[in-house]
1. Between residues in region 68-90 that are touching a residue at least 12 places away in the same chain (Cβ under 8 Å) and aromatic (Phe, Trp, Tyr) and residues that are open to solvent by 20 Å² or more (accessible area, probe 1.4 Å) and assigned to a loop (DSSP other than H, G, I, E, B), which pairs lie under 7 Å by C-beta distance while being six or more apart or on different chains?
2. So which of 54, 42, 17 is buried (at least 18 other Cβ atoms within 10 Å of the Cβ) and touching a residue at least 12 places away in the same chain (Cβ under 8 Å)?
3. What are the residues in region 20-39 that are surrounded by 10 or more Cβ atoms within 10 Å (Cβ to Cβ) and among the small types (Gly, Ala, Ser), if any?
4. Looking at (1) closer than 19 Å to residue 88 by Cβ; (2) in contact with a strand residue (DSSP E or B) (Cβ under 8 Å, 6 or more places away or on another chain); (3) open to solvent by 50 Å² or more (accessible area, probe 1.4 Å), which is the only condition residue 12 fails?
5. Going through 73, 97 one at a time, which residue ends up being open to solvent by 40 Å² or more (accessible area, probe 1.4 Å), modelled with pLDDT under 90 and among the charged types (D, E, K, R)?
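The values are calculated or read from the model by the stated rules, or taken from the named source; none is laboratory data. Fair warning: this is a prediction, and the values are worked out from it, not measured in the lab. Here the Cβ positions follow ideal geometry from the backbone for every residue, glycine too, while neighbour counts run over all protein chains shown. The protein model used for the area step is the full one, side chains on, heavy atoms only, and it has no ligands, DNA or RNA in it. Shrake-Rupley method; radii C 1.70, N 1.55, O 1.52, S 1.80 Å.
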Amino acid sequence: MEQSRKYTVDGIELDVPLYRDDFSGRILEDYNEWSTLDKFTPTGHLILVSAEEPCADAEKTEPGRCIECAECRFYNRAAPNTWIGVCMNEKRLFVSRYDEYLESLKEPE
């Protein structure tokens, strides 16, 4: 069994761990650690999982409030058959933190 599934989102390579679900017997993506990891596109947009709690700036396309990020009009799914997406809300840009993020990916010397 492969250990992870790879995605490329705006030039950023992401590895999503996989696990075998005992109930269904299927290989599924494991998003357990994603909510604690900050990942950004080069333009400073947050890469996240669709089921995360929406931020205060979330806007639903229809009346009502968002229950999860996937319901927000700013959420863009990164690839078919995955829960990974990008928040395109300009109020949520993290451009200044992108350099910090790149630095955190470097191997220690």
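1. From region 68-90, the pairs are 74/59; 74/88; 83/31; 83/51.
2. That would be 54, the only listed residue that is buried (at least 18 other Cβ atoms within 10 Å of the Cβ) and touching a residue at least 12 places away in the same chain (Cβ under 8 Å).
3. Selection gives 35 alone.
4. (3)
5. Checking each option against the conditions leaves just 97.
Every residue, every condition in (1) within 12 Å of the chain's Cα centre (by Cα); (2) assigned to a strand (DSSP E or B); (3) among the charged types (D, E, K, R); (4) over 29 Å from residue 106 (Cβ atoms), yes or no:
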| site | (1), (2), (3), (4) |
| --- | --- |
| 14 | yes, yes, no, no |
| 24 | no, no, no, yes |
| 31 | yes, no, no, no |
| 43 | no, no, no, no |
| 54 | no, no, no, yes |
| 65 | no, no, yes, yes |
| 76 | yes, yes, no, no |
